[in-house]
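The values are calculated or read from the model by the stated rules, or taken from the named source; none is laboratory data. Source: prediction; values computed, not measured. Here the Cβ positions follow ideal geometry from the backbone for every residue, glycine too, while neighbour counts run over all protein chains shown.
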Amino acid sequence: MYVCSCFGVTEEQIREHAASGACTPRQIASASRAGTDCGSCVRRIQGLLGRGGCPRRETAGASRAGAALPAVPA
């Protein structure tokens with residue numbers, strides 16, 4: 001199915017770019033031009049990236065899961 005009708009970019013192409021390391025709509029745009037003309041496909045691209053189109057990154061605090069958090073003054 002087409003995601004970007006301006007440049008004829010398909011869901012499969014978005015997934016392939018994501019598998020190659022393009023993990024943001026801007027990186028997808030650089031790789032395929034999708035989202036750079038009318039912009040109507042950007043939300044669809046975001047949805048695809050959020051649904052397994054791109055490997056999840058660890059959150060900043062996840063690597064310190066066992067570390068104590070600093071006290072916050074009241």
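Overview of values
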{"quantity": "Selection count where residues are at pLDDT 95 or above and within 14 Å of L48 (Cα to Cα), scope region 1-13", "calculated": "8"}
{"quantity": "Region 14-44 - residue that is loosely packed, with under 15 Cβ neighbours inside 10 Å, of a type in the set (S, T, Y) and assigned to a loop (DSSP other than H, G, I, E, B) and, of those, modelled with the highest pLDDT", "calculated": "S40"}
